[in-house]
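The values are calculated or read from the model by the stated rules, or taken from the named source; none is laboratory data. What you see is a predicted model; the values in this text were computed from it and never measured. Here the Cβ positions follow ideal geometry from the backbone for every residue, glycine too, while neighbour counts run over all protein chains shown. SASA here: full protein model, heavy atoms, side chains in, ligands and nucleic acids out. Shrake-Rupley method; radii C 1.70, N 1.55, O 1.52, S 1.80 Å.
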Amino acid sequence: MGGRSAKSGITPAMQATATVQAAPQSAPAQVQPPQMPQQQQPQPIQPSSNLQAPLQASATLAQIAAMTDDQLAQAVIDSRNVDMPNFLNDRPDATQKFVYQVGLNGAPTVMDQASFNQFMKQNNIPQSQVMSRSVDDNGPYKAPHIANIFRYSELNYIGGKFGGKASGAGTYFDMNGGGRTGYGTGATLTSVLNPATARVIDYGALKRKIPSFARSHPKAARAIGSVSNENLSLYALAMGYNVISGGPVSSSYRNVIDRAAVVVLDH
């Protein structure tokens, strides 16, 4: 199943070379100065070209929430057997399969430090609401590469597959003011929720809303299944939410299911 892992878009710098030219025997050989390597900007990380494409390359949260009960149920059922690229399929996960099936692949807004600071100022976001996610190397992927998958990948990798999914599957950030978290030391993603795109629901409120959703969408609820950590994020997406706040582990956690919900620093 699946294709090959995503390729890194970061190209190593070219090695400088020196050219030695011959000179008359009466004079020493002249050595040309080495050519300086050109600086190359990181390119977005793309999956291999032979991978199966998402069914909808630009599905939005609003489109998912607007699905009828029949449409949503069928999408969940179809997602169970979807063939995903290997880097998405590192561990079986219902939310990852659904996100890939419907094509919820919106990217985060990536900014440099000056623009990030200006965005916070314009949107009255205090420093206390800056979120961090620290990662380490994982198998063939180095920590900076993992961070760039979140920033630039063409496909939405659902994190939270390892460690219990306490607040559902997703990419967990800690709203700690921007400091490195204790869960990794290799690279840290720094972000804030984007007021224009983040649809946040508290963990407890989400669980309280699910019975009402199940009454209005009985087929979809049966397809998703009884509420558990495994499918909580599926319920959130179906109800129009892309971030789950808090949960049983920490009130400062923000489970980002859809990367379009955040603005992230470029380093």
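So, in region 107-130, exactly how many residues are assigned to a loop (DSSP other than H, G, I, E, B), open to solvent by less than 30 Å² (accessible area, probe 1.4 Å) and either of a type in the set (Phe, Trp, Tyr) or over 17 Å from residue 187 (Cβ atoms) (or both)?
Just the residues of region 107-130 that are assigned to a loop (DSSP other than H, G, I, E, B), to begin with: 107-108, 112, 123-126, 130.
Of the ones still in play, those that are also open to solvent by less than 30 Å² (accessible area, probe 1.4 Å) are 108, 125, 130.
Still in the running and either of a type in the set (Phe, Trp, Tyr) or over 17 Å from residue 187 (Cβ atoms) (or both): 125.
The number of residues fulfilling the criteria is 1.
Figure legend. Inter-residue proximity from region 241-252: first residues in contact (Cβ under 8 Å) with a residue 40 or more places away in the chain and open to solvent by 20 Å² or more (accessible area, probe 1.4 Å), second residues part of a loop (DSSP other than H, G, I, E, B) and among the small types (Gly, Ala, Ser), beta-carbon distance below 7 Å, spacing 6+ or different chains. Indicated pairs: 247/167. Flag: residue 95 matches the condition of being in contact (Cβ under 8 Å) with a residue 12 or more places away in the chain and of a type in the set (S, T, N, Q). Please tell me if residue 233 is within 18 Å of the chain's Cα centre (by Cα), crowded, with 24+ Cβ neighbours inside 10 Å and among the hydroxyl-bearing types (Ser, Thr, Tyr). When the stated conditions are applied, residue 233 passes them.
Only one of 222, 215 is open to solvent by 30 Å² or more (accessible area, probe 1.4 Å), farther than 22 Å from residue 96 by Cβ and part of a helix (DSSP H, G or I). Can you tell me which? Outline the logic, then answer.
Details: 222 fails: farther than 22 Å from residue 96 by Cβ.
Only one candidate passes the filter, namely 215.
Inspect all residues belonging to region 131-140 and state whether any of them is of a type outside the set (S, T, N, Q), open to solvent by 20 Å² or more (accessible area, probe 1.4 Å), modelled with pLDDT of 90 or more and under 13 Å from the mean Cα position of the chain (by Cα). Looking for residues that are of a type outside the set (S, T, N, Q), open to solvent by 20 Å² or more (accessible area, probe 1.4 Å), modelled with pLDDT of 90 or more and under 13 Å from the mean Cα position of the chain (by Cα), one finds at least one in region 131-140, hence yes.
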